[in-house]
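Reviewing the structure listed below.
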Amino acid sequence: MTGTTMISSTPLAGGLVALPGVYRPQADTHLLAEALAQEDLGPARTVLEIGTGTGAVALHAARSGAAVTAVDVSWPAVASARVNALLRRLPLRVLHGDFAARTAGRRFDLVVANPPYVPAPGASLPTRGPQRAWDAGPDGRAVIDRICATAPALLRPGGVLLMVHSGLCGAGTTVDRLLAAGLSARVTARASVPWGPVLRSRRAWLERQGLVAEAEEREELVVVRAHKA
């Protein structure tokens, strides 16, 4: 499926604990969960979620019986995901820190990621606060590009990467970089959603950068699926 679609009600865990500053499930979370639901999940599968937030997508995978590891750079997010797993009595390994460092030497059947992807005026990434969940440098690709580069080392043969991000970041660029890394890759889902408060607050800057058109009010979300032969 490559056309723009409506986001359906893929069941994510409801009533999630989210400590202050932790990214709550939104349209991109649901789109990623829908993509994950199309994959082969079960007790024999290993899953990594990069940037877990409340753990919503990781818990969705854990309910299938898969062995799931979730990583986040935010301590409040790690705490939130651990609490949510305990409340649901689901086995979920939640690690704090950089995803590449915390998973060095490990490979997974599925890697899912909802990385920071909002273009931001500052060249450096924030080191604290809720902005860590969305600010990703002037082109929004600071974390996306790292995932593209490290995906081959994270995936087992036959493994799949699912990554959601804004069309503002260039879906074609993501596909090209994954292809250059030796994976097959394509956009498998798109959705159009209203701008949220972060984009609205940056409208003038985004227009000056040529990233959006004047009076634009909707954002395209994409899911890129990459496969390792």
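All of the numbers you see were taken from the coordinates with simple rules; none came from a lab. It should be emphasised that the depicted structure is a prediction, and the values quoted were computed from it without experimental measurement. Here Cβ is always computed from backbone atoms with ideal geometry, including for glycine, and neighbour counts include all displayed protein chains.
Tabulated values for the structure
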item	result
The range 137-229: GluC sites (Glu not before Pro) in DSSP loop, at most 15 other beta carbons within 10 Å	214, 216, 217
Sequence-separation-based contact order of the chain, relative, with Cα cut under 8 Å and 6+ spacing, percent	20 percent
Stretchable slack from residue 208 to residue 173, in nm (0.36 nm times residue separation minus alpha-carbon distance)	10.5 nm
Total charge dipole magnitude, the range 116-229, about the Cα centre, Cβ charges on Lys, Arg, Asp, Glu only, Debye to nearest 20	420 debye
Debye intensity ratio in log₁₀ form over the Cα atoms of the chain, taken at each q of 0.09, 0.18 Å⁻¹	-0.33, -1.46
Shape of the range 56-107, Cα gyration tensor, a/c cut at 1.5	oblate
Angle in degrees between helix 142-154 and the longest Cα principal axis of the chain, rounded to the nearest 10	30 degrees
The range 83-192 shape via C-alpha gyration tensor axes, a/c threshold 1.5	oblate
Separation of alpha-carbon centers, the range 50-109 and the range 136-203, rounded to whole Å	20 Å
Other-chain or far-sequence residues with amide H under 5 Å of residue 94's (modelled H)	70
Per DSSP, loop trypsin sites (Lys or Arg not before Pro) in the range 70-176 with at most 13 further Cβ within 10 Å	89, 106, 128
